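A short write-up of the structure that comes next.
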Amino acid sequence: MSRNLYLCPLSVRLKVMADPDLIRTVLYTINNLLQQEKYKAALAVVKGFRNGAVYGAKIRAPHALVMTFLFRSGSLKDKLRAILKATYTHSRNLACFVFTYKGLQVLQQKIQGKSLQSHSFLAACVGGWLVFGDNNNINSQINMYLLSRILFALSRLAVEKGFIPAPKQDPFPLFATLVWGIVLWLFEYYPHTLQPSLQSSMNYLYHDSNVWHDISDFLVYNKPRIAGS
């Protein structure tokens, strides 16, 4: 678009910008670029950033909404600000990680001329250190979520590879027994070792249920309402 266009009246500029032929030309150029094989790797990194941002927002927004209104005190403005901050942080971190991971994978493949399993591991290690290495509540939740999943996956892989024998009975009941026994023991006697959000949830379930004053905070509210609130 020439410089002279910016000297035209606003109505003329809008008409040119809304020209269907111009829009079709722009879309055709973009779509043609997206089909170029030589740009595929770079474009995959960009779309990975996009998908990471969207997925992070979808996952965190409802979780932050529920947890904030259930357990966080303060004004509505403070709660909304906390929800937006948590959603933004999760979305940004996941987008940056996907961008870093896919970018480093492409770089390693270009250097060595082929794709190796080690590329995925090394790229993820660097991305995890750069993006999820900061010790905050969001990163802590994400890392612990992944830890539980990889322990399951590694156990299954060990059986598949023959490193450990396949169990004769379903081990899940034993797993559930140990998980709940250990977490409640920690909560009752060493609560400071648990993540704050888990402490809040367990306080609500196991400690707040021991206290009431009348039917209002026995059935309707968790705690007695403050006058004027």
Scan the stretch 187-199 for residues that are open to solvent by 40 Å² or more (accessible area, probe 1.4 Å) and either part of a helix (DSSP H, G or I) or touching a Gly at 6+ places or on another chain (Cβ under 7 Å) (or both) and jot them down. Glu188, Tyr189, Pro191, His192, Thr193, Pro196, Leu198, Gln199
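Determine which member of the set Val126, Val131 is under 19 Å from the mean Cα position of the chain (by Cα), open to solvent by 60 Å² or more (accessible area, probe 1.4 Å), closer than 28 Å to Asn93 by Cα and touching a residue at least 12 places away in the same chain (Cβ under 8 Å).
After ruling out the rest, the residue left standing is Val126.
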Before we move on, is Phe99 more than 26 Å from Ser197 (Cβ to Cβ) and either touching a Ser or Thr at 6+ places or on another chain (Cβ under 7 Å) or touching a residue at least 40 places away in the same chain (Cβ under 8 Å) (or both)? yes
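Quick check on Tyr145: is it open to solvent by 40 Å² or more (accessible area, probe 1.4 Å) and under 19 Å from Gly48 (Cβ atoms)? Talk me through it step by step, then tell me what you get.
On the way: open to solvent by 40 Å² or more (accessible area, probe 1.4 Å): yes; under 19 Å from Gly48 (Cβ atoms): no.
Considered against the rule, which asks whether it is open to solvent by 40 Å² or more (accessible area, probe 1.4 Å) and under 19 Å from Gly48 (Cβ atoms), Tyr145 comes out as no.
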If Ile182 meets every condition in (1) under 29 Å from Asn93 (Cβ atoms); (2) surrounded by 11 or more Cβ atoms within 10 Å (Cβ to Cβ) apart from one, which number is that one? (2)
Looking at (1) open to solvent by less than 70 Å² (accessible area, probe 1.4 Å); (2) β-branched (Val, Ile, Thr); (3) over 27 Å from Gln195 (Cα atoms); (4) at pLDDT below 95, can you tell me which one Thr87 breaks? (3)
Helices (runs of 4 or more DSSP H) wholly inside the stretch 54-165 that include at least 3 residues being basic (Lys, Arg): 76-112
Please work out which residue is nearest to Ala64 (Cα to Cα), limiting yourself to the stretch 148-163 and to residues that are open to solvent by 60 Å² or more (accessible area, probe 1.4 Å) and of a type in the set (A, V, I, L, M, F, W, C). Ile150
Filter the stretch 36-82 for residues that are over 20 Å from Leu104 (Cβ atoms), open to solvent by less than 80 Å² (accessible area, probe 1.4 Å), of a type in the set (Gly, Ala, Ser) and over 18 Å from the mean Cα position of the chain (by Cα) and give the result. Gly74, Ser75
State whether one or more residues within the stretch 76-84 are without any contact (Cβ under 8 Å) to a residue 24 or more places away in the chain, more than 24 Å from Tyr204 (Cβ to Cβ) and not aliphatic (A, V, I, L, M). no
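The values are calculated or read from the model by the stated rules, or taken from the named source; none is laboratory data. Since the model is a prediction, treat every value here as computed from it, not as a measurement. Virtual Cβ from ideal backbone geometry, glycine too; neighbours counted across all protein chains shown. The protein model used for the area step is the full one, side chains on, heavy atoms only, and it has no ligands, DNA or RNA in it. Shrake-Rupley method; radii C 1.70, N 1.55, O 1.52, S 1.80 Å.
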